[in-house]
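One structure is given below, encoded as structure tokens.
The values are calculated or read from the model by the stated rules, or taken from the named source; none is laboratory data. Values in this document were obtained by computation on a predicted structure and should not be read as measured data. Backbone-built Cβ (ideal geometry, glycine too); neighbour counts: all protein chains shown. When the accessible area is computed, the model is the full protein with side chains, heavy atoms only, and any ligands, DNA or RNA have been set aside. Shrake-Rupley method; radii C 1.70, N 1.55, O 1.52, S 1.80 Å.
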Amino acid sequence: MNCLLCGVGGQGTVLASRLIAQCAMDAGAFARTSETIGMAQRGGSVVSHVRWHDHAGAIPSPLIPLGGADALIGFEPGEAVRCLPYLKPGGAAVVSVNGVTSAVAALSGNQPDAAVFVDYLRKAAPNLILLDGAEIARRVGSAKTLNMALLGAAARLLGFSVESMLDALRKRLSPRLVELNRLALEEGAAASGSARTVNPKEGSI
Amino acid sequence: MSGKMLLMGNEAIAYGAVDAGVSFVSGYPGTPSTEALEAVARLKPPGAHVEWSVNEKAALETAAGAAYAGARALVTMKQVGLNVASDPLMSLNYVGVKGGLVILSADDPGPISSQTEQDTRRFAQFARLPVLDPSSPEEAYAMARAAFALSERFRVPVLLRPTTRVCHACSVVERMKPEPLVKPSGFVKGKEWVIFPRLSFEAKKRLVAREPELADAQRPFNFIEETRGDLPARIGIACGGIGAAYAREAALSLGLRCRILKVGASNPFPEALAVEFINGLDCVLAVEELDPVIEDGLRPLMDGVALRGKRDGSMPIAGELSAAIIEDALRVMVPALSLDGGKDGEPPPLSSSGDISTCGGDKGVGSAPSLIAAAALRPTEAVSGEEMERQPRLPLAVPIGGDAAAQAEGASPNAAADEPAPTPPIRPPILCAGCPHRASFYAVKRAAKGRKAIFCGDIGCYTLGNAPPLDMVDTCLCMGAGVTIAQGLKSADPDAHCFAFIGDSTFFHSGMTGALNAVYNRADMIIIVLDNRTTGMTGRQPHPGTGESAVGEPAPKADIGAILLALGVTSVRRANPFDIEEAIETTHEAMDETGVRAVIFEAPCIAVAKPGRPMAVDASRCVGCQVCVKALGCPALSFMPSPYQQGRIAARIDASMCTGCSICSQICPTECIQPLDGPKGGDTA
């Protein structure tokens, strides 16, 4: 199973990918991740690769090949478009519809509208779940929980229950942050239920 | 003075550099290299800066700064010093130089006066840099001179690695006509001086792609010669450095007529010449001190011809060589030389040509390896300085790095889509909203406005100050090098105000060394410490200034200002970068002084400080002048269509990102940015 996460530095892709790997490990699989850490962490495009399989030998390297991702979790629509070539034909994408301003684009006055990317995703990614991450953040009370909302929305696609994600979350977060993140996780899961969902028979997962 | 002189190898290198017009010389003492810088200091070339640096890293970085501005620069050290300088070296190969930069790294086989028996030629391979390996003081003179032109042609540092018996030997050296001292052309700003992952990716490819051209340019340093004995043998000696001198002597002593491959520039290995050399031989002996560099270069080319050297025990793996050691090895290889017929058994039959055949070869003359060019054995005279001077000096080439990468990154259409994918905006890493570095850069930029200034950056979050609109990082090489490069640049570009920006953690890492180096060598520059009380870029690790240990326990807290004063800086000022006027004024005060001055901008990283109340734009008063967005490049700031005036735009602040640092509010001409009322969260637009 290959899951690619992409977004903008600071949105929490690293923690999200670690949680997926933790879930996979807890389920008895061997997991590998590769993340963008360091110079790109603030405001830059970031990508995390998460791979898991029953046999370590089946995933010898940490990077997902182009066209090899079973699922794509997009924290930002433009970044999701940028990484769409990683998605397998028929693979599922969970994407937050809210754009993040690029300071460079803002400077040149050339900031594209997030809707352009969302529209493209609707056409190009047949198995698509769109999530209003900003709305969930408002309800939960923190803009920093977008990652959990997306994980909640993607849990079923990845083959994990929200409960197992919550277990993984408890292992990796300090107790005082668990409640807030649990809320976001559940909001995300609920939202994906009401959003356009994947027909399991059509999806590759 | 010119003409013939008796010079020690190190002095010959000094003369070679001076005659090449060197104007910046730095180094750290270390046997067997020390006399080179001492000789330059005695010669006192007019207009040249000569310094003993605090260490080899500082020496290489200051010299790099001078070479960025077009000066010819020499750095001197011993081989273990190169370990200390390896941090700048391994990045400088990518960034490159404008003026010729030659690094004398003297090796010490034995070792006689060193901790290690390391081989600088290996370092050259590691860094993909040219390395010249003189076999005598006279050759050291010629190579030192020629190295500057080679460095300028390929825009990379060139290593010069003599060994003890060259450094500390004397011989008659004929000085050639000196080149006129070229006044450094000055520093020209460009993104090629700022190391970034993309630049390194492109630079590495370029270094490899240019290897054939480099090999061609290095041909004068590599040649085949034939010894003049009465006893011909189909053996060859491949040698470099002082080993070449011993090899010639051993052949002479034995009366052996054989082929010699002299490798004076081993990186990249001169393969075509080596194939020519091997052709028709039965056996080759590799003769070199320290590591089997030439031997390893030959091995894949041997095509069945036997190769002897360090790897089969024919030559000692450690310690110095001597002619006697080589004679012994040659006796084993050429049984006719030996009274007992050689260790390898029976004397081989004579060949039809009358040459004495040799042991070890598993093939005859007829089955010689195919040649790249069927050239006959060509005895070559040793390379002369004059010959080297004829090497072409090409104009400076190839702009480095660029935006191509960013442009190439666009989304490719997904197979499932019928239409091409819209191109997502370029999203390079940037300073966070509320980052105190943005305020510091902005303040210094304002303070230096209208004056010639060079801003040297360093490694950390604040490297991102290179991006527009701040554009405040003119150089970046490696940890701590901002301070030293600023010093070197100032030396070669004295009209410029030279600033060095360094973070608190980087200051402790290696900035203190550069600060002391600048003070000791009477530099004129301003050190700007960006003290955000953490190691930001890597994720908020504590350091000696935080008062906390790695495991979260209390630790002694170092005071950067006190350290700077103890190092001897002229003045230390502290300012809060978020008070823009105060920060500008403080910078002005420092600029009006001379010597090494320091300004410490103190404000914690947003990742360790509690955010303040976010700011909001009163769109009814915003005139859409865009000053805030275009001056600061804050990710929380953008434009939107003005809700009050048709066809106008207004600034917009993303309250979820804004930390309330207020610098946009301070620079807004209409004072339309004020703290947001009510609880944090939500969007103000």
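Results for (1) in the same structural domain as B:GLY9 (by TED's automatic domain parsing); (2) of a type in the set (A, V, I, L, M, F, W, C); (3) surrounded by 24 or more Cβ atoms within 10 Å (Cβ to Cβ), shown as yes or no for each residue.
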{"site": "B:HIS49", "(1), (2), (3)": "yes, no, no"}
{"site": "B:GLU56", "(1), (2), (3)": "yes, no, yes"}
{"site": "B:VAL97", "(1), (2), (3)": "yes, yes, yes"}
{"site": "B:LEU101", "(1), (2), (3)": "yes, yes, yes"}
{"site": "B:PHE126", "(1), (2), (3)": "yes, yes, no"}
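Filter the range B:431-477 down to the residues that are in contact with a Phe, Trp or Tyr (Cβ under 7 Å, 6 or more places away or on another chain) and polar (S, T, N, Q) and list them by number.
If the condition is that a residue be in contact with a Phe, Trp or Tyr (Cβ under 7 Å, 6 or more places away or on another chain) and polar (S, T, N, Q), then B:SER440, B:THR475 are the ones that fit.
Only one of (1) modelled with pLDDT under 90; (2) closer than 27 Å to A:ILE136 by Cβ; (3) assigned to a loop (DSSP other than H, G, I, E, B) fails for B:GLN645. Which number is that?
(2)
How many residues are within 14 Å of chain B (Cβ to nearest Cβ), without any contact (Cβ under 8 Å) to a residue 40 or more places away in the chain and under 17 Å from the mean Cα position of the chain (by Cα) if we restrict to the range A:38-64?
Final tally of qualifying residues: 3.
When the range B:261-274 is examined, which residues are found to be open to solvent by less than 20 Å² (accessible area, probe 1.4 Å) and of a type in the set (A, V, I, L, M, F, W, C)?
B:LEU261, B:VAL263, B:ALA265, B:ALA274
Please go through (1) open to solvent by 10 Å² or more (accessible area, probe 1.4 Å); (2) over 25 Å from B:PRO212 (Cα atoms); (3) outside any helix (DSSP H, G or I) for B:ASP303 and return the number of the only condition it doesn't satisfy.
Looking at each condition in turn, B:ASP303 falls short on (2).
From B:GLU548, B:GLU581, grab the single residue that is over 30 Å from the mean Cα position of the chain (by Cα) and touching a residue at least 40 places away in the same chain (Cβ under 8 Å).
B:GLU581
Would a scan of the range B:49-57 turn up a residue that is modelled with pLDDT of 95 or more, part of a helix (DSSP H, G or I) and among the aromatic types (Phe, Trp, Tyr)?
Scanning the range B:49-57, I find no residue that is modelled with pLDDT of 95 or more, part of a helix (DSSP H, G or I) and among the aromatic types (Phe, Trp, Tyr), so the answer is no.
Any chance you could count how many residues in the range B:406-426 are open to solvent by less than 70 Å² (accessible area, probe 1.4 Å) and at pLDDT 85 or above?
Adding up the residues that qualify gives 4.
Output the number of residues of the range B:188-225 satisfying the condition of being open to solvent by less than 20 Å² (accessible area, probe 1.4 Å), touching a strand residue (DSSP E or B) at 6+ places or on another chain (Cβ under 8 Å) and more than 14 Å from every other protein chain (Cβ to nearest Cβ). Explain how you work it out, then say what you get.
From the range B:188-225, those open to solvent by less than 20 Å² (accessible area, probe 1.4 Å) are B:193-194, B:199, B:203, B:214, B:217-218, B:221-224; that's our starting set.
Filter once more, so that each one left must be touching a strand residue (DSSP E or B) at 6+ places or on another chain (Cβ under 8 Å): B:193-194, B:218, B:221-224.
Going one step further and asking which of them are more than 14 Å from every other protein chain (Cβ to nearest Cβ), we end up with B:193, B:218, B:221-224.
Count: 6.
So how many residues does the range B:627-649 have that are in contact (Cβ under 8 Å) with a residue 24 or more places away in the chain and either assigned by TED's automatic domain parsing to the domain that holds B:GLU581 or touching a helix residue (DSSP H, G or I) at 6+ places or on another chain (Cβ under 9 Å) (or both)?
10
Among residues belonging to the range B:486-506 that are of a type in the set (A, V, I, L, M) and outside any strand (DSSP E or B), point out the one that is surrounded by the fewest Cβ atoms within 10 Å (Cβ to Cβ).
Filtering first and then ranking leaves B:ALA496.
Tell me, which residue of the range A:138-166 that is buried (at least 16 other Cβ atoms within 10 Å of the Cβ) and over 15 Å from the mean Cα position of the chain (by Cα) is farthest from the other protein chains (Cβ to nearest Cβ)?
We begin by selecting, within the range A:138-166, every residue buried (at least 16 other Cβ atoms within 10 Å of the Cβ); these are A:140, A:142-160, A:162, A:164-166.
If we keep only those that are over 15 Å from the mean Cα position of the chain (by Cα) too, we end up with A:140, A:142-143, A:164, A:166.
Values: A:VAL140: 10, A:SER142: 8, A:ALA143: 4, A:SER164: 27, A:LEU166: 24 Å.
Checked the range A:138-166; the qualifying residue farthest from the other protein chains (Cβ to nearest Cβ) is A:SER164.
If a residue must be under 24 Å from A:SER17 (Cβ atoms) and either more than 19 Å from the chain's Cα centre (by Cα) or facing another protein chain (nearest Cβ under 9 Å) (or both), how many such residues does the range A:109-120 contain?
So the first thing to find is which residues in the range A:109-120 are under 24 Å from A:SER17 (Cβ atoms), and the list is A:114, A:117-118.
After this cut, where a residue has to be either more than 19 Å from the chain's Cα centre (by Cα) or facing another protein chain (nearest Cβ under 9 Å) (or both) as well, the list is A:117.
Count: 1.
So which pairs qualify, if the first residue must be in the range B:177-188 and more than 20 Å from B:VAL97 (Cα to Cα) and assigned by TED's automatic domain parsing to the domain that holds B:ARG145, the second must be open to solvent by 90 Å² or more (accessible area, probe 1.4 Å) and of a type in the set (Ser, Thr, Tyr), the Cβ gap must be under 9 Å, and the two must be at least 6 apart or on different chains?
Pairs that qualify, where the first residue is more than 20 Å from B:VAL97 (Cα to Cα) and assigned by TED's automatic domain parsing to the domain that holds B:ARG145 and the partner is open to solvent by 90 Å² or more (accessible area, probe 1.4 Å) and of a type in the set (Ser, Thr, Tyr): there are none.
How many of the residues making up the range B:419-476 are assigned to a loop (DSSP other than H, G, I, E, B) and either within 12 Å of chain A (Cβ to nearest Cβ) or closer than 30 Å to A:ALA125 by Cα (or both)?
Filtering the range B:419-476 down to residues assigned to a loop (DSSP other than H, G, I, E, B) leaves B:419-435, B:449-452, B:457-460, B:467-474.
The next check asks that each one be either within 12 Å of chain A (Cβ to nearest Cβ) or closer than 30 Å to A:ALA125 by Cα (or both); those that pass are B:419-435, B:459-460, B:467-471.
Going through the range B:419-476 one residue at a time, the tally reaches 24.
Are any of the residues in the range B:596-603 farther than 14 Å from B:CYS664 by Cβ, modelled with pLDDT of 90 or more and among the acidic types (Asp, Glu)?
Yes - at least one qualifying residue is present in the range B:596-603.
Looking at the range A:76-108, which of its residues are within 16 Å of B:PRO428 (Cα to Cα) and facing chain B (nearest Cβ under 7 Å)?
Within the range A:76-108, A:GLY78, A:GLU79, A:ARG82, A:THR101, A:SER102, A:ALA103, A:VAL104, A:ALA105, A:ALA106, A:LEU107 meet the criteria.
Report, by residue number, each residue of the range B:501-527 that is of a type in the set (Gly, Ala, Ser) and closer than 25 Å to B:MET537 by Cα.
Result: B:GLY503, B:SER505, B:SER510, B:GLY511, B:GLY514, B:ALA515.
Any residue in the range B:650-661 that's at the interface with another protein chain (Cβ under 10 Å from one of its Cβ atoms) and over 18 Å from B:PRO436 (Cα atoms): show its pairings with residues that are part of a loop (DSSP other than H, G, I, E, B) and open to solvent by 20 Å² or more (accessible area, probe 1.4 Å) at Cβ separation under 6 Å, as long as the two are six or more apart or on different chains.
Going by the 6 Å Cβ cut-off, the qualifying pairs are B:ARG652/B:ALA685.
Counting only residues that are closer than 19 Å to B:PHE223 by Cα, open to solvent by 20 Å² or more (accessible area, probe 1.4 Å) and in contact with a helix residue (DSSP H, G or I) (Cβ under 6 Å, 6 or more places away or on another chain), how many does the range B:281-300 have?
Going through the range B:281-300 one residue at a time, the tally reaches 0.
Which residues, taken from the range B:547-560, are within 17 Å of B:SER510 (Cα to Cα) and not acidic (Asp, Glu)? Break it down into steps so the answer makes sense when it comes.
Of the residues in the range B:547-560, the ones within 17 Å of B:SER510 (Cα to Cα) are B:558-560.
Once the filter is applied, which keeps residues that are within 17 Å of B:SER510 (Cα to Cα) and not acidic (Asp, Glu), the range B:547-560 yields B:ALA558, B:ILE560.
Could we say that A:LEU15 is of a type in the set (A, V, I, L, M, F, W, C), within 14 Å of chain B (Cβ to nearest Cβ) and farther than 22 Å from A:ALA189 by Cα here? I'd like the intermediate steps shown before the answer.
Working: of a type in the set (A, V, I, L, M, F, W, C): yes; within 14 Å of chain B (Cβ to nearest Cβ): yes; farther than 22 Å from A:ALA189 by Cα: no.
For A:LEU15, the condition - of a type in the set (A, V, I, L, M, F, W, C), within 14 Å of chain B (Cβ to nearest Cβ) and farther than 22 Å from A:ALA189 by Cα - is not met.
In the range A:1-12, what residues are within 14 Å of chain B (Cβ to nearest Cβ), within 10 Å of the chain's Cα centre (by Cα) and either of a type in the set (Val, Ile, Thr) or part of a strand (DSSP E or B) (or both)?
Those that are within 14 Å of chain B (Cβ to nearest Cβ), within 10 Å of the chain's Cα centre (by Cα) and either of a type in the set (Val, Ile, Thr) or part of a strand (DSSP E or B) (or both): A:LEU4, A:CYS6, A:GLY7.
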